[in-house]
Amino acid sequence: MRNRAHSSYAGTRRHPVCGFPGVGFLLLCSLWLAWTGSASAQDSLRIRILAEDHGDPLAFASVRATSLVTGQAQWQYTDSLGSCQFRVQLPALLEVQLMGYSPLRDTLHTAGSHTLKLVGSGLQTEALVVTAQSSPVPASLTPLNIRVLDEARIRAQAAPNLSALLSNELNIRLQQDMALGTSLSLQGLNGQNVKILVDGVPLVGRMNGQLDLTQINLADIERVEIVEGPMAVNYGADALGGVINLISKRNAKETRVSGGFNALYESIGTYNADAWATRRWGRHQLRLSLGRNFFDGWNEQGRTHQWKPREQWMGSASYVYTASKTRLSFRSSLFDETLLSRGAPVVSPIQAYAFDERFRTQRQQYDLQWQQTISKRTSWDMLAAASLFNRNRYRYRTNLVNLESRLLDGINAPDTNRFQLGMSRGTLTYRLPEAWEVSLGYEFTMERTIGDRIAQDAPGQEEYAAYAIVQWKPSSRLQLRPGIRYTYHTQYDAPLMPSFNAAYRFSPKAQLKAAWAMGFRAPSLRERFLYFVDINHNIQGNPDLLAETSHNYQLAFQYKHMTQKSAYEVETGLFFNDVSNLITLAVVDMPAALYSYRNIGRLQTAGFRVQSKAIRPRYSLQVGGLLTAQGAPDWRSAGGDAFYWSPELQANFQVKLPWQSLKLALFSKYTGRLLTPMVGENNELTLQFIEDFMTVDVTLSRSFWKERLTLLAGGRNLADVRNLRANMSTGAHSGGGGSIPQAAGRMFIAQLNLTL
Amino acid sequence: MIRLAHLFITVLTLGLTACWPAEEPITLPSLGGDGTGPSPVIASVEMGSAYDYRIYVSLTTGAQYRVHNNLFDIAIGTAELGYPVYMNEGKLVRGYRTNSYTFEQVYATPNTLIWTPDAPSQNPDSTLVGNWQLLADTEGKSPVYLIDRGSLYHTGSSRYYKLQLLGITDGLVRLRYAPAAQTTLPEEMQVPLSSTHALTYVSFESTSPVAVAPPDDDWDLLFTRHFQVYLDQPLDSPTRNYSVTGILGHRFKGVQAALLTNAADLGTMDKALWEQVPPQSAANAIGFDWKVFSFDANNYLIRPHRVYGVWLPDGKRFGLQFLDFFDEQGQKGTPTFVYQQIP
C-alpha cells in the first residue's frame, strides 16, 4: 500500500502545484525523502497503546518500529482506538512517545497483536485542536500552525476575557478604544482581518470593524485555538490574518450533579463571579452557567472615567447527546452588557448637568452541532447557528443638582446597531485507507446589519460556498493538505480561494510546515452602505467595493524532544502576507471634505519568530521573540523604507514550588515601538508611531481539598503601563492625540475557583 | 465545610452585589461680584446643531437677531471702509483669484484649485477679494474671482460662481456674477450701499441687495461659523482652513475685545486686568477657543475660567464668560454666556 502511494505521488510530481515553486520544490524534496525512508515489509505487527491508569486507548501516540535485522525504521501515530500497524522484519525495537506519558521502549520478537501500556509522566498532555479539522488532533500533527491556550493557562493567568488572555501572546497586538473596547491585530493585519469564532460560529457585532475582546468572556471557555494565516477555505471571508476559535465547555465529566464557582477581584474595581453546574445521565449531558462581571471604572477624573464602568451578565445552557455513532450538541448563550460613560460636568451659576451615555450590548448565540459516523471511513459534521447582536446607545442629561436623568431625543435619541447572522456549515469526510482523507463541505451564511448610520436600503448579504480539502499522507513523513473554496455572494464577486499546506517530518522530533493560502475580506456593510453626514462628518459608503484579497506564505520548523520526565520544543517560523485591493477610507472630494471607502493600494506584512518551550513535571518555561514588519509600495514610492519592523519578546514561566504546594506563574511580553507611515495627498510621507511597552503578570496559586478549591493571588500589569506616547491619526472624523490608552494601571488580583 | 460555605457566600455576595457608587449632588456656584454696577445677564443664542444660523447680539440692549447663513454670498463695505468685499464665512465661502480680467473667458473650476477663505480677523489685507481696487485694471475692473459657495447649501453647478467687480459709479458698486461654467456675459448689477449698515449683502440668487444684519447700532457681536486659518499648515492641507464656530466682533463700528484672564470667573476676576490687557480690533479677538473638543469626552467642553473683555465704541465695557454650548436636548450650537457691564 505504501509503495502504491509513493508511485501515485511520483506520477503527480511532474506537475507544478498551484504555480508556487517553493511548495513544488518542497514537495519534490519530501517525496525523495519519503521514498528513501521507506522500508521493505516483512512481518505484520498490530500495536495497541493504552493508558496504564485507566486503560483507555491513547490516540496520536508516536510509535517507531526499527528492525534489528535491517536497521530500517518506520513510524506511525495511533488512531482513535490507540492502534497502528507495521510490516517490519523481526525482531524490532518499538519506541512509543506521547506527551504526558513516559516514553516506552520494547523489543518485539513475534508478529501479531501487541498491547502496550504507557505510564503517566506528570507532564501536561498535548491539547487536541478542532479548528479546521475533521476530528480532534494534536496541534503538532496538523499541517496548520495552531496555538492552543488551554484552561490551565486561562486559570493560571486569571484571564477573565479574551483581551486579558491575549495580552502577552506573540504576534498579537491589542488596541484600546474607550467606547468600543479592545481590538486586536494578528500578523500585522488589523482585527477586521481576524475571524473570531465560538465553537466555529463567527462572532458578529463588529463596531467600526472591530470586535470588543472584553465582551468575550472566558468563564465558559475550555480553550482558545489560534490559527495564524488565512483560513478562507474553511471559514470564508475576513480571516486574512487568521482565526481565533473559542471552544466552549459542554461536556459533563461527572455522572452525578457537579458544579463550581469562580470569583475574580482586581484592584482597579473588577468584581467577577460565575457559577456552573453539570449533570450526566446515560447518553445525555447538560451544563448550565451564569456569571456576572462588574467593573466600576478606573482612572477617575471628576465624575468621568478613562476606563468606563461596565456590568456584564452572561449565561449559557448546553445539551449533548452522545451515541455510538452520533453526537448532537446544542448550546445557547446570552450576554448583556451595560457600559456607563459619564460626561464631564457643566457647572455654572444657573445650572449643573452632564450628558451621560449608556451603551447596552446584547448578544445571543444558538448553535446546533451534529457529528455522525456514517461508516468506518465516512463521517459527517454539521453546524447550524444563529447569532444576534444589539448595541443601543442611550444619552441622558443628568441634572447634577437633583441627580435626575432625562433621556434625550432629537439627534441624541437612542440609536441602535443590530447585526444578525444565520449560518450553517457541513463537512463530509471520507478517509481512504492509510493515506487519504477527503473533506467536502458547504457553508451558507446570511448576514444583516441594521443601524442608524447604515443606509436604509442596504441589503442583507448572503453567501453560499462549497469547499474541498484533501489530506494526503504519501508517506509517514509527508502530509499534504490542498484545499479550495468556491463562494457565491449575493452582493459582490467573491474570488476562488485555494490553499495548500504541507508538513514534512524529518523524524518524530522534527518537522517542517509550509503553507500558502489565499484569503479575502468582504467589504463590510458599513464600508458599503455607511451614510454618516452631518456638520462634522461627510463619510459615505461605497457599494462598488471589491473584496480585499491576500496571499499568505508561511514556513515553520518545529523540533520537539521528549524524555521520561521532560519535553523540549523549539519552533521557528516565517510568514509573509501580501494584501491587495486594500479598503481604505480616503478623501474623494476635497472641496466637499467627502470621505469614502476605496480599494486603494497594497499592504505587506512579514514576520520571523523563534519560540522555545521546556516542560518538566515541576515547571514549564516558554520564551520567544518575533519581528513583524509592515510595508507597502505606496510607502516605498514616497521614499519610505521597504519595511518597518517592530519586535516582540515573550517569556512565560510556571513552577510548582516545593513550599506549601504553591504554583507560581509569570507571563511577560515586550512589545516594541510600532511605526506606521502615512502618505499624504502630495506623496509626502509622515511616520506615525506608538511607543514600546512591557506587560508583566505574576500569579501565585494553591489548591486545597483534593484540587477542588484553588486560591490565586497576584499582580497584573506590574510595569504599570497606562497610556502610550503616540502620534496616531484616528480617522476622518476625529483628531489625533499625543497618547493612546493601552492598559489600566498596575493591579492586584485575587481569584477563587471552587469545584464541587 | 462551614468555613467553606462562609467563604462561598461572602465571595458570591461581593461578586453579585457590587454596584456603581451613588453620586453626590452639586451646589451651584454664585455669580460672585461685589454687588456694585449693573447685574450680570445670562443669555443663550441658538445657532442650531448644524450652525445654520448666525446671531447678531447687542450687549447694550440684550437684543438678538437670528438669520440663516444662506441668505447671502458676499458683503460689500461702505465708502468709508474702501468698498472691501467679504465672503460669507457663515456658509464657508471660499474663492480663487484668476489672472484674467475677461469675465466670459473664465469658465473652468479644475480640481487642482487651491481655494482661499477670508481670514476671520476681517482685516481687508487678509481677505481674498478685500480691497479689490488695488488690483483693478485700467478700466477699474477687478480680476475675475471664482467663488466656491461651500458644500453646505450648494451642489453641482450652483456651487461654483465667478465674480468680477466692475467699478464704482455715483456711490454704486458695479459688479457681475454668473455660474462659473457660463460662457456668456451676464447683466451688470449695481449695488447701492446701505447708510445704516457697514456691510451691504449680496446673494448670487438675487439681483438686488438682501437684508441680513440689523443696523450697526443694534449689534456688537456675531455668533457664526467661520474659517480659522492655520498658516503653519500646507496650502492644500484639509486642516489649513478649519471650520470653527465662534464670535466675530463688529469691527466695522469699532468693537474691540480681548481675553482678560483664563484663571478666574467674571465675578471674581481682578478688575485691574481691564487696564492691563490691551483691546484688539481683529474681528475674531474672542474667536472660538472658549470651548474645546475633548476626545476623551467625545464632545465639546467649555474652557473654564476664561473671561473676555469687550470694548464698545461708545466707551462701554462688558465682561463676558461662556457657560455652555448645548441646549436642553444635548444638541450643540447653543452657546450660553454671562456678561456684565463694567462701571
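Below, the figures for the structure above:
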read-out: Residues being crowded, with 17+ Cβ neighbours inside 10 Å and without any contact (Cβ under 8 Å) to a residue 12 or more places away in the chain - total across segment B:155-174; value: 1
read-out: Tally of residues being touching a Gly at 6+ places or on another chain (Cβ under 9 Å) and either charged (D, E, K, R) or farther than 14 Å from residue A:743 by Cα (or both) across segment A:160-214; value: 22
read-out: Where residue B:65 falls short, out of the listed (1) without any contact (Cβ under 8 Å) to a residue 12 or more places away in the chain; (2) more than 14 Å from every other protein chain (Cβ to nearest Cβ); value: (1)
read-out: Residue in segment B:264-314 that is nearest to residue A:346 (Cα to Cα), counting only those that are of a type in the set (Ser, Thr, Tyr) and within 19 Å of the chain's Cα centre (by Cα); value: B:300
read-out: Test: residue in segment B:243-254 that is within 26 Å of residue B:143 (Cβ to Cβ), touching a strand residue (DSSP E or B) at 6+ places or on another chain (Cβ under 9 Å), free of Cβ contacts under 8 Å to residues at least 40 places away in the same chain and of a type outside the set (Ser, Thr, Tyr); value: no
read-out: Any strands (runs of 3 or more DSSP E) falling wholly within segment A:97-215 and containing at least 2 residues that are surrounded by 20 or more Cβ atoms within 10 Å (Cβ to Cβ) and within 14 Å of another protein chain (Cβ to nearest Cβ); value: none
read-out: Residues of segment A:690-730 classified as in a loop (DSSP other than H, G, I, E, B) and within 14 Å of chain B (Cβ to nearest Cβ), total; value: 8
read-out: Answer residue from segment A:385-398, given it is in contact with a Pro (Cβ under 8 Å, 6 or more places away or on another chain) and closer than 21 Å to residue B:299 by Cβ and is surrounded by the most Cβ atoms within 10 Å (Cβ to Cβ) among those; value: A:395
read-out: Selection count, segment A:393-431, where residues are within 12 Å of another protein chain (Cβ to nearest Cβ) and in a strand (DSSP E or B); value: 10
read-out: Single match in A:331, A:310, A:292 (criterion: at the interface with chain B (Cβ under 9 Å from one of its Cβ atoms) and either touching a helix residue (DSSP H, G or I) at 6+ places or on another chain (Cβ under 9 Å) or in contact (Cβ under 8 Å) with a residue 40 or more places away in the chain (or both)); value: A:292
read-out: From the options B:231, B:185, B:175, residue that is in contact with a helix residue (DSSP H, G or I) (Cβ under 6 Å, 6 or more places away or on another chain) and over 30 Å from residue B:316 (Cβ atoms); value: B:185
read-out: Test: residue in segment B:175-197 that is touching a Gly at 6+ places or on another chain (Cβ under 6 Å) and surrounded by 13 or more Cβ atoms within 10 Å (Cβ to Cβ); value: no
read-out: Complete set of residues in segment A:429-449 that are more than 24 Å from the chain's Cα centre (by Cα) and aliphatic (A, V, I, L, M); value: A:432, A:435, A:438
read-out: Close pairs from segment A:347-358: first more than 7 Å from chain B (Cβ to nearest Cβ) and closer than 18 Å to residue A:305 by Cβ, partner surrounded by fewer than 19 Cβ atoms within 10 Å (Cβ to Cβ) and among the hydroxyl-bearing types (Ser, Thr, Tyr), Cβ under 9 Å, at least 6 apart; value: A:356/A:394; A:356/A:405; A:357/A:394; A:358/A:338; A:358/A:394
read-out: Failed condition for residue A:526, given (1) in contact with a Ser or Thr (Cβ under 8 Å, 6 or more places away or on another chain); (2) not in a helix (DSSP H, G or I); value: (2)
read-out: Subset of segment A:154-179 [within 25 Å of residue A:267 (Cβ to Cβ) and in contact with a Phe, Trp or Tyr (Cβ under 9 Å, 6 or more places away or on another chain)]; value: A:156, A:157, A:167, A:168, A:176, A:178, A:179
read-out: Pairs with Cβ under 9 Å, 6+ apart, first in segment A:69-85 and farther than 11 Å from residue A:47 by Cα, second aromatic (Phe, Trp, Tyr) and modelled with pLDDT of 80 or more; value: A:74/A:86; A:75/A:86
read-out: Yes/no for residue B:261 being within 15 Å of the chain's Cα centre (by Cα) and of a type outside the set (Phe, Trp, Tyr); value: no
read-out: Criterion violated by residue B:267 - all others in (1) out of contact with any Leu (no Cβ under 6 Å at 6 or more places or on another chain); (2) small (Gly, Ala, Ser); (3) buried (at least 19 other Cβ atoms within 10 Å of the Cβ); (4) part of a loop (DSSP other than H, G, I, E, B) satisfied; value: (1)
read-out: Pairs where the first residue, in segment B:107-130, is among the hydrophobic types (A, V, I, L, M, F, W, C) and the second is at pLDDT below 85, C-beta under 7 Å, 6+ apart; value: B:114/B:235; B:114/B:236; B:115/A:591
read-out: Subset of segment A:500-523 that is of a type in the set (D, E, K, R) and assigned to a strand (DSSP E or B) - its residue that is modelled with the highest pLDDT; value: A:513
read-out: Any hit, segment B:89-97, residues being crowded, with 22+ Cβ neighbours inside 10 Å, under 17 Å from residue B:251 (Cα atoms) and not assigned by TED's automatic domain parsing to the domain that holds residue B:285; value: yes
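The rows are residues; the columns are (1) of a type outside the set (A, V, I, L, M); (2) within 14 Å of chain A (Cβ to nearest Cβ); (3) farther than 29 Å from residue B:307 by Cβ; (4) within 18 Å of the chain's Cα centre (by Cα).
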| residue | (1), (2), (3), (4) |
| --- | --- |
| B:146 | no, yes, yes, no |
| B:154 | yes, yes, yes, no |
| B:159 | yes, yes, yes, no |
| B:163 | no, no, yes, no |
| B:192 | yes, no, yes, no |
| B:240 | yes, yes, yes, yes |
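Each row is one residue, and each column tells you yes or no for (1) in contact with a helix residue (DSSP H, G or I) (Cβ under 6 Å, 6 or more places away or on another chain); (2) crowded, with 18+ Cβ neighbours inside 10 Å.
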site	(1), (2)
A:462	no, no
A:465	no, yes
A:471	no, yes
A:477	yes, yes
A:481	no, yes
A:486	no, no
A:496	no, no
A:499	yes, yes
A:510	no, no
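Every residue, every condition in (1) modelled with pLDDT of 75 or more; (2) more than 7 Å from chain A (Cβ to nearest Cβ); (3) assigned to a strand (DSSP E or B), yes or no:
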{"position": "B:5", "(1), (2), (3)": "no, yes, no"}
{"position": "B:11", "(1), (2), (3)": "no, no, no"}
{"position": "B:22", "(1), (2), (3)": "yes, yes, no"}
{"position": "B:32", "(1), (2), (3)": "no, yes, no"}
{"position": "B:48", "(1), (2), (3)": "yes, yes, no"}
{"position": "B:54", "(1), (2), (3)": "yes, yes, yes"}
{"position": "B:59", "(1), (2), (3)": "yes, yes, no"}
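The values are calculated or read from the model by the stated rules, or taken from the named source; none is laboratory data. Owing to the predicted nature of the structure, the values given are computational and were not obtained by experimental measurement. As a convention, Cβ positions derive from the backbone with ideal geometry for all residues, glycine included, and neighbour counts pool all protein chains shown.
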